[in-house]
Amino acid sequence: MSGPLSPAALRIEPSAIPAVRAAFDASIAELKSHLVRLRQEGYISQPWLGDPVSAEAATAYNDRVMDAANGSYAAMVAYEAELLRVRDSLQAMEDHYRRTEGENAALWGRA
């Protein structure tokens, strides 16, 4: 793709930033509630049949899904962190835009 921006660049009109940020806030809040619940209820606390096979399966599940650095739970936590970074970047963009617009308005007001 030609042009100064990479295909992964996100371009947003300044007036749309608050709505986009609000959508990220809503997604973060929903994901956070699922992560809290998953952290509380996602572990298999006891072997469901009380036998060695179900105990081994429960341990393997907890180790691979809930506790592993590359497991499903860790992926969801990383996704939340990425959403937070994007939301914070949008906030910084909005703040910068408002400062710049304020400075421009002040400059034009002096003319």
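The values are calculated or read from the model by the stated rules, or taken from the named source; none is laboratory data. Because the structure is a prediction, the values reported are computed rather than measured. In this analysis, Cβ positions are derived from the backbone assuming ideal geometry, glycine residues included, and neighbour counts consider all displayed protein chains.
Per-residue answers, yes or no, for (1) more than 30 Å from residue 95 (Cα to Cα); (2) modelled with pLDDT under 95; (3) loosely packed, with under 15 Cβ neighbours inside 10 Å:
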| residue | (1), (2), (3) |
| --- | --- |
| 1 | yes, yes, yes |
| 12 | no, yes, yes |
| 32 | no, no, yes |
| 40 | yes, no, yes |
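Could you grab the pairs with beta carbons closer than 7 Å, sequence gap of 6+ or different chains, first residue in the range 81-109 and of a type in the set (Lys, Arg), second one in a helix (DSSP H, G or I)?
Listed by first residue and then by second, the contacts come to 87/21; 87/24; 87/25; 87/28.
For the range 23-48, enumerate the residues that are part of a helix (DSSP H, G or I), polar (S, T, N, Q) and free of Cβ contacts under 8 Å to residues at least 24 places away in the same chain.
Those that are part of a helix (DSSP H, G or I), polar (S, T, N, Q) and free of Cβ contacts under 8 Å to residues at least 24 places away in the same chain: 33, 40.
Under 8 Å between Cβ atoms, at least 6 apart or on separate chains: pull out the pairs that start in the range 60-80 with a residue that is under 11 Å from residue 35 (Cα atoms) and end on any residue that is of a type in the set (D, E, K, R) and assigned to a helix (DSSP H, G or I).
Qualifying pairs under 8 Å: 73/39; 73/67; 80/32.
Only residues that are among the small types (Gly, Ala, Ser) and at pLDDT 90 or above: list them for the range 14-30, please.
Passing the criteria: 19, 22, 23, 26, 27, 29.
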